[in-house]
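Novice: This is the structure I want to talk about, given as structure tokens.
The values are calculated or read from the model by the stated rules, or taken from the named source; none is laboratory data. As the structure is a prediction and not an experimental result, all values here were calculated from the model. We place every Cβ from the backbone using ideal geometry, glycine too, and count neighbours over all the protein chains shown.
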Amino acid sequence: MKRFFKITTLLFAAICINTVIANAQDKTVMVGGAAMYPSKNIIENAVNSKDHTTLVAAVKAAGLVETLEGAGPFTVFAPTNEAFNKLPTGTVDNLLKPENKDKLTAVLTYHVISGKIDSKSLMDMIMKNNGKYTATTVQGGSLTFMMKGKNIMVMDESGNTAKVTIKDVYQSNGVIHVIDTVLLPKS
């Protein structure tokens, strides 16, 4: 009887471990050719994405690494390298200059909302607010969210629109949604 109990207990433990591993793998998303692990923070994951090298360089230049490694939670709308390439020639290089650190910080924190807002919650808020939901960014400006077909769209204060291309990239301190356009606060 004791042997049966031990075997049953071991079998139950193995099933539980496999379930936890499967659930963790379900929430792991590939971004820029790298796995984004929910157990790591925003910075620990972002540095591995080949699609976000410009964003990571900008976060470092702005001195925001420590903040985005913090407890949060944060919701980050992360522009890809291609999104930064859409900006006028020289814009990124200009923003990365030490004398423009305040402008760079403003642009980057404009892509961050306090709290952990996944796509389901975002879509629910859009629906509850007659098709548009406006949120205040860490920078102090606002972003407006809407749906275009099945896609979540984000509009900045100047009317520029970005599409969420990868949603719900869970982090230990928040969630990232990858976007295809850099959003700009009003000057």
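Novice: Looking only at residues that are among the small types (Gly, Ala, Ser) and buried (at least 20 other Cβ atoms within 10 Å of the Cβ) in segment 60-79, which one is farthest from residue 121 (Cα to Cα)?
Specialist: Of everything passing the filter in segment 60-79, 62 is farthest from residue 121 (Cα to Cα).
Novice: Residue check: is residue 147 surrounded by fewer than 16 Cβ atoms within 10 Å (Cβ to Cβ), among the aliphatic types (A, V, I, L, M) and modelled with pLDDT of 95 or more?
Specialist: Considered against the rule, which asks whether it is surrounded by fewer than 16 Cβ atoms within 10 Å (Cβ to Cβ), among the aliphatic types (A, V, I, L, M) and modelled with pLDDT of 95 or more, residue 147 comes out as yes.
Novice: Of 155, 125, which residue is out of contact with any Ser or Thr (no Cβ under 9 Å at 6 or more places or on another chain) and at pLDDT 90 or above? If you could, list the steps in order and put the result at the bottom.
Specialist: Working: 155 fails: out of contact with any Ser or Thr (no Cβ under 9 Å at 6 or more places or on another chain).
Just one listed residue meets the conditions, 125.
Novice: Related question: Across segment 125-144, what is the number of residues that are surrounded by fewer than 17 Cβ atoms within 10 Å (Cβ to Cβ) and among the hydroxyl-bearing types (Ser, Thr, Tyr)?
Specialist: Count: 3.
One line per residue, one yes/no per condition, for (1) out of contact with any Phe, Trp or Tyr (no Cβ under 7 Å at 6 or more places or on another chain); (2) under 17 Å from residue 174 (Cα atoms):
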| site | (1), (2) |
| --- | --- |
| 45 | no, yes |
| 62 | yes, no |
| 77 | yes, yes |
| 85 | yes, no |
| 110 | yes, yes |
| 122 | no, yes |
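Novice: Which pairs have Cβ atoms under 8 Å, sit 6 or more apart or on different chains, and link a residue in segment 157-168 that is in contact (Cβ under 8 Å) with a residue 12 or more places away in the chain to one that is of a type in the set (Lys, Arg) and part of a loop (DSSP other than H, G, I, E, B)?
Specialist: 157/186; 158/186
Novice: Quick one: which residue in 104, 108, 143, 87 is assigned to a loop (DSSP other than H, G, I, E, B) and under 16 Å from residue 183 (Cα atoms)?
Specialist: Among 104, 108, 143, 87, only 87 is assigned to a loop (DSSP other than H, G, I, E, B) and under 16 Å from residue 183 (Cα atoms).
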